[in-house]
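Let me begin by presenting the structure, written as structure tokens, before commenting on it.
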Amino acid sequence: MTAQTTAVRFRERLLPGPAFFGAWLLLIPATALIMMPIEKSLAIPVAVGLYIVVALIFVALSPVIEVRDRTLTAGRARISVDLIGEVEPLGSDALRHAIGPGADARNFMVVRGWIHRGLKLEITDAEDPTPYWIVTSRKPVALAEALQAAAK
């Protein structure tokens, strides 16, 4: 039996930033205030527990962007790098335009509001009605380089 090795060229989980989790800390006093009249001794443990559950939900639901074995995986979607044409980096303004007024209803997007840059990936598959993918990334240049390297 031979071991298969898979080369991961790029991997990023689109997690919210520390400020996002910091803002959610307000959930603790809010929950404690609600719990005080019900059961004073459980107010803080329930509030902290609720915060942990909410934080874990955000982590679990954050999609992964990965380039591995000539395949791009964005969330649950996968596409061969051979079917990706032009790759265009998007800054904050360009991304806002691409997912807003400049959007095509047929495009595929893996976008998180807390990430303000990404890539626009042209899809060259004649059978696919999707003209392009929009993928947010904190490291769009590294993602573009990984796609280019995987296509060789």
On the formula 1/(1 + (r/R0)^6), with r taken between the Cβ atoms of residue 25 and residue 64 and R0 of 22 Å, the FRET efficiency rounded to 0.05 is 0.30
Starting at the first residue of the stretch 74-87, write each ³J(HN,Hα) from the Karplus equation 6.51 cos²θ - 1.76 cosθ + 1.60 with θ = phi - 60°, in whole Hz, x for Gly and Pro.
-> 10, x, 8, 8, 9, 8, 5, 5, 5, 9, 9, x, 5, 10
Sorted peptide list for 108-119, 54-65, criterion being average Cβ within 10 angstrom, highest first | 108-119, 54-65
For the chain, what relative contact order do you get, as a whole percent, if you take Cα pairs closer than 8 Å and at least 6 residues apart?
-> 23 percent
Sort the following peptides by mean Cβ neighbour count (other Cβ atoms within 10 Å, averaged over residues), highest first: 85-91, 137-143.
-> 137-143, 85-91
Full-stretch length increase - residue 39, residue 13 - with 0.36 nm per residue and alpha-carbon distance subtracted | 5.5 nm
R0 = 35 Å: FRET efficiency of residue 124 with residue 55, Cβ-based, nearest 0.05?
-> 0.30
Taking a straight Cα-to-Cα line shorter than 15 Å from residue 139, and setting aside same-chain aspartates and glutamates fewer than 8 residues away, one finds 12, 66, 88
Return the loop-located trypsin sites (Lys or Arg not before Pro) in the stretch 36-91 (DSSP other than H, G, I, E, B) with at most 10 other Cβ atoms within 10 Å of their own Cβ; answer none if there are none.
-> 76
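No value in this document is a laboratory result; all are computed from the given coordinates. Model, not experiment: these values are computed from the prediction. Glycine also receives a Cβ, built like all others from the backbone with ideal geometry; neighbour counts cover every protein chain displayed.
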